[in-house]
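Step one of this worksheet: look at the structure below.
The values are calculated or read from the model by the stated rules, or taken from the named source; none is laboratory data. Note that this is a predicted model, so its numbers are computed, not measured. Positions of Cβ are backbone-derived with ideal geometry, glycine not excepted, and every protein chain shown enters the neighbour counts. Note: accessible area is taken over every heavy atom of the protein model, side chains too, but ligands, DNA and RNA are not part of it. Shrake-Rupley method; radii C 1.70, N 1.55, O 1.52, S 1.80 Å.
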Amino acid sequence: MYFGYEHPDDHPHAGMPLHGKNQFPDADIPEMRGFVLQYIDEVVELGKTLCDAMSLSLGLDTHYIRQQFLEPEPIPLCRCFNYHAPGSSGSTEVWGIGEHTGECHAIVCSSVVDDAEDFGLLTILKQDSPGLQVRSPEGRWVDVPVVTDGFVVNGARSLPLITYRDYLDHSYLHPVGDMLDMLTGGRFKSRPHRVLPPAPGTQRISFPFFFDFAWTAKMIPLPLPPLSEEAQKEAEERWGGTTFRAVQGEWWQYLAKKVQKVFPDLKLPDFEANEVPSSRFAIEVPVAPPGTSAA
């Protein structure tokens with residue numbers, strides 16, 4: 001499922017990717033619309049608050065990131081996955097799940113999934129059970145705890161996992177995206193992460209909320225002092241594995257490339273700073289032949 005802001009027909013970006021009307025099952029679940037839209041509004045406020053905290057931690061004005069990158073409105077994308085444990089086949093092979101990796105998008109794979117990083121600003125994740133792991137600076141896979149009545153922030157200036165409580169009465173994880181990593185000169189690191197399968201007889205509910213920059217936000221690095229030579233080298237090596245060639249242009253030029261992977265007929269101008277589409281949408285979508293209907 002995909003949900004975002006409910007935009008009116010006269011919105012300035014009406015007709016652009018991720019701008020328009022949601023398709024709710026109003027006839028079957030009439031209460032769903034109100035719950036989802038309220039959830040989006042409240043998590044967006046959480047994302048703005050996190051950005052204020054990051055601005056302060058970087059020595060900038062409290063609302064610097066908010067004013068530079070989130071106005072007139074950020075782009076939220078709320079999704080929901082229900083992961084089931086793999087069936088018992090007698091195999092000793094370890095299975096893994098990838099929430100938005102190239103070949104393992106919301107499906108079960110026959111091996112532990114390759115690590116993945118997030119794409120843009122922040123991902124705010126609600127999880128109801130264990131399985132998520134983050135790779136530490138030492139290269140070890142660390143289990144992310146499910147914290148009751150709290151949320152977990154990962155990637156904040158290379159600090160260990162920090163737990164916060166009393167926000168929306170749920171547990172959240174906030175991976176930092178590749179673009180934020182680059183905009184901060186590597187001070188906020190986009191940490192690789194992966195998901196292990198649920199235990200037999202259980203399932204895992206995951207609500208990733210992709211909190212991204214405003215559609216026309218200009219991608220300009222933050223005014224921060226240079227890193228040490230060693231830290232700069234490490235950051236550049238990490239950035240070499242992202243989808244970006246450079247930090248420039250406007251956010252829509254990066255974001256629309258991901259949407260184009262799902263809608264290949266979408267016409268976009270070439271933008272050299274974006275090397276390849278995000279692997280988050282790397283699964284090909286079958287298209288029914290003309291004159292037939294999709295199954």
Check your understanding: Which condition breaks for Val112 when tested against (1) modelled with pLDDT under 80; (2) open to solvent by less than 20 Å² (accessible area, probe 1.4 Å); (3) within 30 Å of Glu234 (Cα to Cα)?
Key -> (2)
Review point. Restricting the range 167-187 to residues that are at pLDDT 85 or above and outside any helix (DSSP H, G or I), which is most open to solvent (accessible area, probe 1.4 Å)?
Key: Arg187
Revision key, fill the gap. The condition of being out of contact with any helix residue (DSSP H, G or I) (no Cβ under 9 Å at 6 or more places or on another chain) and at pLDDT 50 or above holds, among Thr92, Thr123, only for Thr123
Exercise for review: Go through (1) surrounded by fewer than 15 Cβ atoms within 10 Å (Cβ to Cβ); (2) part of a loop (DSSP other than H, G, I, E, B); (3) modelled with pLDDT of 90 or more and name the single condition Gly15 misses.
Suggested key: (3)
**Study point:** Looking only at the range 246-270, and only at residues there that are in a helix (DSSP H, G or I) and open to solvent by 50 Å² or more (accessible area, probe 1.4 Å), the one that is modelled with the highest pLDDT
**Key:** Trp252
Practice item. Working only within the range 53-72, note down all residues that are free of Cβ contacts under 8 Å to residues at least 24 places away in the same chain, in a helix (DSSP H, G or I) and over 21 Å from the mean Cα position of the chain (by Cα). Key: Leu56
Exercise for review: State all residues of the range 18-39 that are under 30 Å from Lys267 (Cα atoms), without any contact (Cβ under 8 Å) to a residue 60 or more places away in the chain and either open to solvent by 80 Å² or more (accessible area, probe 1.4 Å) or hydrophobic (A, V, I, L, M, F, W, C) (or both); if no residue qualifies, say none.
Suggested key: Lys21, Gln23, Phe24, Leu37
Exercise for review: For the range 153-166, state whether one or more residues are part of a loop (DSSP other than H, G, I, E, B), modelled with pLDDT of 80 or more and closer than 29 Å to Ser228 by Cα.
Suggested key: no
Point to revise | Restricting the range 40-52 to residues that are out of contact with any strand residue (DSSP E or B) (no Cβ under 7 Å at 6 or more places or on another chain) and of a type outside the set (S, T, N, Q), the residue that is least open to solvent (accessible area, probe 1.4 Å) | key: Cys51
**Study point:** Lone qualifier among Phe213, Phe281 - being aromatic (Phe, Trp, Tyr) and at pLDDT below 75
**Key:** Phe281
Review point. In the range 53-73, how many are within 23 Å of Pro12 (Cα to Cα) and surrounded by 12 or more Cβ atoms within 10 Å (Cβ to Cβ)?
Key: 8
